[in-house]
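The values are calculated or read from the model by the stated rules, or taken from the named source; none is laboratory data. Please read all numbers here as calculations on a predicted model, not as lab measurements. A quick note on method: Cβ atoms are made from the backbone with ideal geometry, for glycine too, and the neighbour counts reach across all protein chains shown.
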Amino acid sequence: MGWTYCVIWFLCLRWLLLESQPVMHGEVHSPQYPLPYLPNLLKQWDLWVPEGHQIQLSLTHLDIKASSGCYQDSLTVLYDQKVVGKFCGQENSSHHPGKVPILSQGNRLTLIFQTSDSSAELQQHIGFSATYEAIDVDECSKSDPGPGSLPLCSQICINTPGSYHCSCHYGYKLHLDQRTCLFSCGGNIFEQHAGHLSSPRHPRPSPPFLSCKYIISVDPRFIITLNFTDNFHIDSVDTQQGPSCQHHWLQVTIPDREPMKLCGGKSPGLIATNSSSVILDYHTDDEGLSHGWSLDYSTNVTITYLHKYVINVWLSCLIEVTSIIYTFFLSLANINISLFCSSAVNDCGEPEPLMNGGVTFLSGFQNQYRSVVQYHCNEPFYSFPGGVNVSLTCKGEGKWTSNTNNVTPTCIPVCGQPTTLISTYQRIIGGSEAPDNTIPWQVLLTIDGIRVGGMVIADRWIMTAAHDLTHNRKPVSNETVRIYMGRTDVKSLMGCPVLVGSIHIHPEYNNPNGLDFNNDIALIKLQDTITFNSSIMPICLPAEGATYITGMMGLVSGFGIMEIYPPRITKKLKYVQLPVVEQDTCRESVKKLKKTRNNLPSLTDNMFCAGVPEGGKDTCLGDSGGPFALRDDGQFWVAGIVSWGVDCGQQGRYRVYTKVTNYLDWINKTMQEN
């Protein structure tokens, strides 16, 4: 008996659970519909749709015996025990709802159909039939959320099925409360040995809800000194112990020391950090008003490092010179051909030297009649055009004659063939470090101390993004740009910068407001020629007619930040493998973002997207100007330049790259004419 009771109870509970699940649509009708209903009925339906939805009830048919105030037979609709409507009669009667649907205030409705015993006589009224469906609530349309309450979103409210989420205008970011938009400030990494920093809009009042981060990080041999100007004002609360930084503050964080919170109206003046790195966090909220701060920072070499620095520079130079001499004699030891000579009197003299190559004697006495030599390039970094070997023979006229009619051949750089290949790919944000010699075309640029990317494309040419090299619509000065290459470790990389000869911005790049990234490409000519090796090698330019196939995996690399908040500066070169995104998908992604964010750049045919829809893999701050490389027939070629994007690694968003194939004519012309 007990077992039977338990089974019945379980089946009843299971039925109740199944019945209680919300549905998106359904249909209800009076008992026996479309046959006439019976007297003395009382039937109730509890309709329930998912949270964040309303119920739209449509009466497709109503035929209930009419009475004054629907006192006898009726269909009553209730929401939260309050009567929404009471209906009876037929079409065009005073108690018929007509064809206008009934919309509930929430996600539940109750229907009660009742008939009286006065219906016992033979009658032909068939009751009612209705359909219902879940209608998404547009939370964002609520203009007044209630007295004393804040709006759902401080800037942009986006309605979603069953819910909503907040977004921000371009230049702002969403706070951790997921509703408040913060002015997007700081986040830059300052690596110059001197510079100027200030709060947003200084000396005008700072915007509310600021959360700014400024990172100064220089070579460990130097220490940073902060010098605040007198124009300092951060809102504070006066206490007996002095100003209290309750709502606004500037926090100065120095390694191995307690963070300092600064506020009030008195400038901190000079702060000697005795450190090579400092983090400044500026915070405001909606209480109080601050005019902000500004400072100049400078660096000085430490006494501890000074003598070590001099000795290390001397040793580095000695090792470099020794390495060059060693390499020269090693190339002579690897001679693969010998010189033919005869005892003829004629002497052709020494063959002309070959840049980035050498000469090997094939037979004969050196430089005399019928001697034969062969040129060779320093492989695998240089080769002859077409791979043809070039031989010279000493003729009777005392001249070296080439088998290719070129007395002095030219060794051209080998592109896109690193001596070491990456076996696996990870993501840049929190991703894996690039092994040495795997991405030898990668360049780190600093422009006024701000870190960006670039790539080697020839022995005197670097390619990067135009927006990194422009300020106030003009190219930055050569002196503000520092170029580093040949290492994957930032500390050792930044020891010897390469100097800029000239900067060439694409003539049709015009981006005064940061909203037009069309033609985002630039070239830098170096003062001196690069000699290529395992750690420095150019990436190939695209072939004529090169195509971008959707889904093709490309290699993206850079020295950008690894995490957005809190920002973490990478100390090593990072890389990620990302697929080319179909252009319509890319366009739709940008179009969707424009609906929720004002002042976003537009996608043009000179751009393409790369990334994964689920997010988590992306480039970020500090990676702009870097390469998106595709590999074909054993060679890497530059398909794109990191240009712009919204946030980093977010779901449904892709990074936008400059399409390099569209600029081959301009690239070649610029290098030839300069």
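Just one of the listed residues (PRO161, PRO255) is within 30 Å of PRO497 (Cβ to Cβ) and exposed (fewer than 15 other Cβ atoms within 10 Å of the Cβ), namely PRO255. Is it fair to say PRO205 is in contact with a Leu (Cβ under 6 Å, 6 or more places away or on another chain), under 30 Å from ILE156 (Cα atoms), assigned to a loop (DSSP other than H, G, I, E, B) and modelled with pLDDT of 90 or more? It is true that PRO205 is in contact with a Leu (Cβ under 6 Å, 6 or more places away or on another chain), under 30 Å from ILE156 (Cα atoms), assigned to a loop (DSSP other than H, G, I, E, B) and modelled with pLDDT of 90 or more.
Looking at the structure I just gave you, is VAL498 without any contact (Cβ under 8 Å) to a residue 40 or more places away in the chain, among the hydrophobic types (A, V, I, L, M, F, W, C) and buried (at least 18 other Cβ atoms within 10 Å of the Cβ)? Criteria met by VAL498. Just to verify a result, which residue in region 39-62, among those that are surrounded by 14 or more Cβ atoms within 10 Å (Cβ to Cβ) and outside any strand (DSSP E or B), is nearest to the chain's Cα centre (by Cα)? If we take residues in region 39-62 being surrounded by 14 or more Cβ atoms within 10 Å (Cβ to Cβ) and outside any strand (DSSP E or B), then GLY52 is nearest to the chain's Cα centre (by Cα). The residue of region 489-536 that is nearest to SER602 (Cα to Cα), among those that are assigned to a loop (DSSP other than H, G, I, E, B) and small (Gly, Ala, Ser), is GLY514. Within region 575-598, the set of residues being in a loop (DSSP other than H, G, I, E, B) and modelled with pLDDT of 75 or more comprises VAL581, GLU582.
With PHE222, PHE228 as the choices, which residue is out of contact with any His (no Cβ under 8 Å at 6 or more places or on another chain) and assigned by TED's automatic domain parsing to the domain that holds PHE190? Within the list PHE222, PHE228, the selection yields PHE228. Looking across region 208-223, the residues that are in a strand (DSSP E or B) and over 18 Å from THR446 (Cα atoms) come down to SER211, CYS212, LYS213, ILE223. Could you look through region 242-296, keep only residues that are of a type in the set (A, V, I, L, M) and assigned to a loop (DSSP other than H, G, I, E, B), and pick out the one that is nearest to PRO203 (Cα to Cα)? Step by step, filter region 242-296, then rank; the result is LEU289. Checking the stated criteria, GLY386 turns out to be surrounded by fewer than 18 Cβ atoms within 10 Å (Cβ to Cβ), under 30 Å from SER534 (Cα atoms) and modelled with pLDDT under 80. For region 624-646, residues that are in a loop (DSSP other than H, G, I, E, B), modelled with pLDDT of 75 or more and either under 28 Å from ILE189 (Cβ atoms) or in contact with an Asp or Glu (Cβ under 9 Å, 6 or more places away or on another chain) (or both) total 4. Taken over region 224-241, the criterion of being out of contact with any Cys (no Cβ under 7 Å at 6 or more places or on another chain) and part of a strand (DSSP E or B) is satisfied by ILE224, THR225, LEU226, ASN227, PHE228, HIS233, VAL237, ASP238, THR239.
Just one residue in the set SER502, SER535 is among the polar types (S, T, N, Q) and more than 22 Å from THR658 (Cα to Cα); that residue is SER535.
Residue under question is PRO97, and the condition is that it be surrounded by 11 or more Cβ atoms within 10 Å (Cβ to Cβ), modelled with pLDDT under 90 and closer than 16 Å to ILE112 by Cα; does it hold? It is true that PRO97 is surrounded by 11 or more Cβ atoms within 10 Å (Cβ to Cβ), modelled with pLDDT under 90 and closer than 16 Å to ILE112 by Cα. The residue that is nearest to THR446 (Cα to Cα), counting only those in region 552-572 that are modelled with pLDDT of 80 or more and in a strand (DSSP E or B), is GLY558. Whenever a residue of region 541-553 is surrounded by 10 or more Cβ atoms within 10 Å (Cβ to Cβ), it has no partner that is assigned to a loop (DSSP other than H, G, I, E, B) and polar (S, T, N, Q) lying with C-beta atoms less than 9 angstrom away and at least six residues away or across chains.
The rows are residues; the columns are (1) surrounded by fewer than 19 Cβ atoms within 10 Å (Cβ to Cβ); (2) in a strand (DSSP E or B); (3) in the same structural domain as ASN518 (by TED's automatic domain parsing).
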| site | (1), (2), (3) |
| --- | --- |
| ASP436 | yes, no, yes |
| ILE439 | no, no, yes |
| VAL443 | no, yes, yes |
| THR446 | no, yes, yes |
| GLY454 | no, yes, yes |
| ILE462 | no, yes, yes |
| HIS467 | no, no, yes |
| GLU479 | yes, no, yes |
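Being assigned to a strand (DSSP E or B), within 23 Å of PRO39 (Cβ to Cβ) and either in contact (Cβ under 8 Å) with a residue 12 or more places away in the chain or of a type in the set (Lys, Arg) (or both) is a property that THR76 has. Of all residues in region 33-73, those that are acidic (Asp, Glu) and under 18 Å from VAL84 (Cα atoms) total 2.
Can you tell me how many residues within region 99-138 are in contact with an Asp or Glu (Cβ under 7 Å, 6 or more places away or on another chain), among the hydroxyl-bearing types (Ser, Thr, Tyr) and in a loop (DSSP other than H, G, I, E, B)? Counting residues in region 99-138 that are in contact with an Asp or Glu (Cβ under 7 Å, 6 or more places away or on another chain), among the hydroxyl-bearing types (Ser, Thr, Tyr) and in a loop (DSSP other than H, G, I, E, B) gives 2.
Note on region 63-85: among residues that are under 60 Å from the mean Cα position of the chain (by Cα) and under 14 Å from THR115 (Cβ atoms), the one that is surrounded by the most Cβ atoms within 10 Å (Cβ to Cβ) is LEU75. Scanning region 199-226 for residues that are within 16 Å of LYS491 (Cα to Cα) and among the basic types (Lys, Arg) returns a single hit, ARG221.
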